[in-house]
Amino acid sequence: MFYEASRNGTLLRLSVMASARKFSVKVCENFLKTEVRAKPEMGKANLEIEKEFGKILGKKARIILGWKSPKKLLFVEEVPEKVLQALKEIA
């Protein structure tokens, strides 16, 4: 599964591709395939991920693992049911 409930929210597993034409999220079985416009330099792609997921989910999102890797773990301060509902709306 691409998500896991945690004590204070939800953890999302991401596989990120930088330098894309537009930001997009596709649900896969074990991760969310995420494309970002920013280049993977000086944390720009990571900041875009946190900002865009924050907009989509309506809650603060932050990367907790994978700052220098395309595989990331994102924490969102929201229950899994609401996170899944928001992701379905963009898919």
Exercise for review: For segment 1-25, name all the residues that are in contact with a strand residue (DSSP E or B) (Cβ under 6 Å, 6 or more places away or on another chain), more than 16 Å from Lys88 (Cα to Cα) and polar (S, T, N, Q).
Suggested key: Ser15
Check your understanding: Which members of segment 62-85 meet the condition of being free of Cβ contacts under 8 Å to residues at least 24 places away in the same chain and surrounded by 17 or more Cβ atoms within 10 Å (Cβ to Cβ)?
Key -> Ile63
Exercise for review: Would you be able to tell me the number of residues in segment 1-30 that are out of contact with any Leu (no Cβ under 7 Å at 6 or more places or on another chain) and assigned to a loop (DSSP other than H, G, I, E, B)?
Suggested key: 12
Point to revise | Checklist (1) on the phi < 0 side of the Ramachandran plot; (2) without any contact (Cβ under 8 Å) to a residue 40 or more places away in the chain; (3) small (Gly, Ala, Ser) applied to Gly43, failing item | key: (1)
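Here are some residues: Lys88, Lys51, Lys33. Which one is outside any loop (DSSP other than H, G, I, E, B) and loosely packed, with under 13 Cβ neighbours inside 10 Å? Even if it seems obvious, please write down each step before you answer.
Working: Lys51 fails: loosely packed, with under 13 Cβ neighbours inside 10 Å; Lys33 fails: loosely packed, with under 13 Cβ neighbours inside 10 Å.
Lys88 is the lone residue from the list that is outside any loop (DSSP other than H, G, I, E, B) and loosely packed, with under 13 Cβ neighbours inside 10 Å.
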**Study point:** When residues of segment 1-30 are limited to those that are among the polar types (S, T, N, Q) and out of contact with any helix residue (DSSP H, G or I) (no Cβ under 6 Å at 6 or more places or on another chain), the one surrounded by the most Cβ atoms within 10 Å (Cβ to Cβ)
**Key:** Ser15
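The numbers here are math on the coordinates, done by the rules we state, and not lab data. All of these numbers come straight from a predicted model, not from anything done at the bench. Cβ atoms come from the backbone with ideal geometry, glycine included; neighbour counts cover every protein chain shown.
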